[in-house]
Each structure stands twice: as C-alpha cells, then as structure tokens.
1. In the neighborhood of LEU126, defined by Cβ-to-Cβ distances under 13 Å, what is the net charge if each Lys or Arg adds +1 and each Asp or Glu adds -1?
2. Residues with amide H under 5 Å of GLY206's amide H, sequence separation 5 or more or different chain, H placed in the peptide plane at 1.01 Å from N; which?
3. What ranking of VAL100, VAL208 emerges when the number of other C-beta atoms within 10 Å of each C-beta is taken as an exposure proxy, fewest first?
4. Considering amide H positions built from the backbone, and no H for Pro or chain starts, which residues 5 or more places from SER199, or on another chain, come under 5 Å of its amide H?
5. In sequence order, what are the phi-derived ³J(HN,Hα) couplings for the stretch 31-41 according to the Karplus relation 6.51 cos²θ - 1.76 cosθ + 1.60 with θ = phi - 60°, rounded to whole Hz, with x for glycine and proline?
6. How much length is gained if the chain between ALA46 and ASP28 is pulled fully straight, taking 0.36 nm per residue apart and subtracting their Cα-Cα distance, in nm to one decimal?
7. With a point put 7 Å past each Cα toward its Cβ, work out how far SER132 is from SER199 in nm, to one decimal.
8. Would you please give the residues with an amide H less than 5 Å from that of ASP186, counting only those at least 5 places away or on a separate chain, with H modeled from the backbone geometry?
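Only the coordinates and a few stated rules stand behind these numbers; no lab work does. Predicted model only: the values in this text are computed from it and were never measured. Every residue, glycine among them, receives a Cβ derived from its backbone with ideal geometry; neighbour counts consider all protein chains shown.
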Amino acid sequence: MKRSLVLVLFTLVGLVGSVAWASSAREDSAERLQNAANVLNEIMSAPDKGIPEEVLDSAKCVLVIPHLVKGGFIIGGKHGRGVGSCRTNAGWSAPAFISVGGGSAGLQIGVEGVDLVMLVMNNDGLQHLLSSKFQISGEGSAAAGPVGRHASAGTDWKMNAELLTYSRSKGAFAGLTLEGAVIEPDSDSTVAIYGKNESFRKVLLGEVAVPASAAPFMAALQHASHKGSEHEAKEEVKDDKK
C-alpha cells in the first residue's frame, strides 16, 4: 500500500513538473516572439541608423535573435535563440524557432544586450537555411550588411552574400560578420508554441498556420516589408519622371 502511494506521488510530481515546464517554455518562447517584434519595430522607427528599406524588402527571410547578453555568444561560449520567417506566395511564413551558436565576432566582445538580425538574400541562402543546419563559412556565405536609410549604390549587397548580418547595441545597428556560426532549429521552443516538433522546412515554406502568440512578430514583419515596398514604389515613380 505504501509503495503504491509513493509511486502515485512520484507520478503526480512528475506530471506537475511537466506542466510547469511546458508553461514556462511557452512563456519564454512567446516572450522571444515579442522581443523579436520589438527589434523589427525599432529598426523601422530609426531609419537613419538601421537596415536600409530596399535591403529589407529584397530579403527572402528575416531572422531575429534578441538580447544576446554579456557577449557570451560573441566570445564563443554561449549561443542565442530567436525566430525567423520567409516570404511565401501568401505572405510571410509562420515563425520558425532557431538557435545560433559557434561563431565569433571580436568587434562586439564585452557588449551587453546585443540584438542580432540576419537577412537571407538569395535562393542559395534559402536552401541552406531550409536544410536545417546553415553554417556561416566560406566566401560569399555572409557579409556585414549596409546601414542607413538607403543602401549606397556603390555597395555590393545585391551580389553574392547569402546572408547579411547586423548587430545592435545601445540603439545603433552595425554590420557584423559571424564566421563559423551555425543556424539550426530550436526544437524545444517549436514544441512549446506549436504543440509538437513541426518540420522546420514546412514552417518556413508557409505550410504551417501562424500561432496566435506570433501575432506581434508577424505584424512587425508586415510593417517592415510595407515600408520597403513604399520606398520601392517611390523610386519607380522617380525613374518614370526622368
């Protein structure tokens, strides 16, 4: 009788622990979505110090890693977690949860509260991302992205880089290289938000419905891409008048 009671108690404790973990994981993942939305909104509110509109509008995917703290990732000891979305025929895909680790960026050593934004710029980069393990290495794999209201005509951001990378500290964005870093799925967060380990590829291809908790991030993406489209339309009007 006592043995049975002990087994029941251990089972109940395990269930309570599992429920508490799941609830905590959902809250953490939902907070990450909100923080990523905040980063994108702040980019668009400070155009002179952020990512050029035409660069953002040309991106096939947008990945945001909010709040890398104390530079642990930067010096190789820790990793960051965030979310990403890709363009589809129906608009932006549901967010896929990602982790980034293994890279080094000496210019940012010791910086606290670093936000990281990565833009996948071409089909090669998209296919590498969809492969579920995108290692940033080799010539043309990634480059520090241009900063400012508009990209300079003299920059080569449209050329070969699969990925343009940015870091932000104290409100200012700067181009950043992450040689050797690896981008891969964050399965724990995926399960926490979607209820199961949805296929990373299916999520980014738009084959999975957007969860309610992703609403702020999706709204920020749509707002950011709308700004870029407005810029492109204005440029076309200028060309027509010439």
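1. +1
2. Counting only residues 5 or more places away or on other chains, the set is ALA94.
3. Ascending number of Cβ neighbours within 10 Å: VAL208, VAL100.
4. none
5. Once θ is set to phi - 60°, the couplings for the stretch 31-41 become 5, 5, 4, 5, 5, 5, 4, 4, 4, 5, 4 Hz.
6. Stretched fully, the ALA46-ASP28 segment lengthens by 3.8 nm.
7. 1.0 nm
8. PHE97, ILE98, SER99
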